[in-house]
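Report on the structure given below.
Quick note: the coordinates plus some simple rules give every number you see, no bench work behind them. If you're wondering where the values come from, they're calculated on a predicted model, not measured in any experiment. With ideal geometry, Cβ positions are generated from the backbone for all residues, glycine too; neighbour counts draw on all protein chains shown.
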Amino acid sequence: MPSQMQPLSAATLDEAYAEASPKSRQLFARARRIFPDGVTHDNRRMQPFPIYVERAEGAYKWDIDGHRYIDYWMGHGALLLGHSPPHICAAVIEQMQRGTHYGASHAKEVEWGEWVCRLVPCAEMVRFTASGTEATHMALRLARAFTGKKRVVKFAGHFHGWHEGLEVAVQPPYDAGPEAGQLPEVVDLVALCPPNDREAVRAALAGGDVAAVILEPTGGHFGAVPIAAGFLEFLRKETNKAGALLIFDEVVTGFRVAPGGAQALFGVTPDLATFAKILAGGLPGGGVAGRADILAFLDTNAAGQSKIHHPGTFNANPLSAAAGVAMLSAIADGAAQRLADEQAAKLRHGMNEILAREKLPWRVYGKHSDWKMFYDADAPPRDGDDQSVDDVPWQRLDARHPQASRALRQALILRGIDFNGGRALVGTCHTDDVVAETLAGFEEAVRAVKQYGLA
């Protein structure tokens with residue numbers, strides 16, 4: 001329903017947006033009294049207020065004002081099959097009836113772990129956590145324990161959770177200094193490199209004191225700055241030479257770009273990999289997988305070494321394990337990933353055709369089950385196939401454009417489509433009919449943004 005809210009009746013997009021969702025506005029007023037910033041996740045901030053969702057199914061979600069949206073958040077990337085897939089819901093309901101927390105080991109955690117080890121090339125063993133942030137934190141601990149070294153190399157713009165060991169230079173201006181509450185002596189252990197910069201990596205590894213190199217294997221923010229051809233192979237070779245571990249943060253890419261993640265897609269096997277999102281079938285859950293000799297530092301019986309203490313109330317929770325088994329078993333053959341990639345490609349092509357017709361210097365790009373907005377293109381796309389950003393400096397690709405992204409997101413919300421303003425995730429639920437509706441709404445939204453003078 002592309003024209004469901006008639007946005008051009010108001011003087012500004014902000015006014016149109018506010019008028020369309022009075023119940024969300026009222027709920028946000030309550031939220032601001034109890035939550036910092038009024039939200040429970042930084043990326044859910046929205047001016048003048050966020051929409052509040054009450055239910056979701058397939059490609060759609062409905063807010064408390066009764067509006068239906070095509071959803072391209074897909075649970076921050078945790079959903080590949082859309083909202084509430086029947087077989088995953090059935091698995092969770094069945095498990096809920098058996099118990100939600102045993103305070104004990106259970107069969108589903110074993111089955112879940114077996115699926116990870118079956119699908120992921122590096123996974124000789126796996127340890128579950130409650131989130132992706134916990135997983136990358138554990139990967140760092142393991143790398144330092146195994147190598148006896150302290151420093152870690154990361155790349156500007158790559159996100160590895162919010163713990164102080166890696167929450168460094170994630171957003172412009174890519175400051176390597178500590179943010180509020182971070183210990184400088186911890187941040188100083190992070191060597192920061194520009195994306196795809198081979199010489200910077202060699203320099204960082206030259207001192208022989210690096211425990212690990214960690215990165216998002218398709219590039220920061222799921223390829224907002226795409227990984228350069230051959231760079232993963234280069235990192236594998238150089239970390240081997242330097243006696244450092246290679247860690248792939250597959251929290252987003254894991255099970256999405258291929259059943260075995262980016263490492264299976266690119267044919268480069270890291271020493272450790274971290275997972276979350278799709279891993280737990282849309283429920284909370286994370287994990288670290290990798291070489292058995294490294295994960296042995298979690299093993300009480302490992303000889304000749306101290307153990308990393310790792311409790312965790314919700315590690316391998318039965319509900320998450322049930323959802324994870326249902327998800328991984330359903331996507332193991334790769335058909336879901338291929339379909340999601342195909343639908344995303346249709347969206348990227350159609351959106352660039354619209355931008356070309358509207359002569360708007362934006363570009364839509366991506367390589368997997370996603371589409372990303374580049375608001376700083378030098379010229380409009382020539383056609384739907386004009387999607388390359390290979391020659392764009394990485395700082396421009398990763399830059400924030402708050403006015404344009406907010407305007408496009410508001411205009412799309414007013415036409416029943418929601419994404420985060422910069423990137424969108426696609427699932428098998430985004431059928432051809434959903435794609436057609438999205439493109440119709442995108443065309444109207446682009447024209448609205450131009451009419452309001454915001455592009």
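A few comments on the model shown:
- With an a/c value of 1.5 or above and a/b not larger than b/c for the gyration tensor axes a ≥ b ≥ c computed over the alpha-carbon atoms, segment 348-393 is described as oblate.
- Take every DSSP beta bridge whose two residues both sit in the chain; close to 60 percent of them are antiparallel.
- Summing Cβ point charges (Lys, Arg +1; Asp, Glu -1) relative to the Cα centre of segment 102-316 gives a dipole of roughly 360 debye.
- Gyration tensor (alpha-carbon) shape descriptor, segment 381-455, a/c threshold 1.5: oblate
- Cα extents of segment 46-132 along the three principal axes, largest first (Å): 46, 33, 23
- Charge dipole (segment 102-316, unit charges on Cβ, about Cα centre) - positive-most of 252, 203, 166: 203
- For residue 155, the amide hydrogen comes within under 5 Å of the amide hydrogens of 193, counting only partners 5 or more places away or on other chains and with H modelled in the peptide plane.
- In terms of Cα atoms, the Rg and Dmax of segment 102-316 work out to 16.3, 51 Å.
- Two numbers describe the Cα atoms of the chain: Rg and Dmax, which are 22.2, 72 Å.
- Taking every Cα-Cα distance in segment 222-309 and sorting them into 10 Å bins starting at zero, the pair-distance distribution P(r) comes out as 16, 40, 32, 11, 1 percent.
- With a threshold of 31 Å on the Cα-Cα distance, the over-threshold entries among 237/346; 154/359; 154/307; 108/346; 23/108 are 237/346; 154/359; 108/346; 23/108.
- Overall size of segment 26-67 from C-alpha positions, given as principal axis extents largest first: 31, 20, 16 Å.
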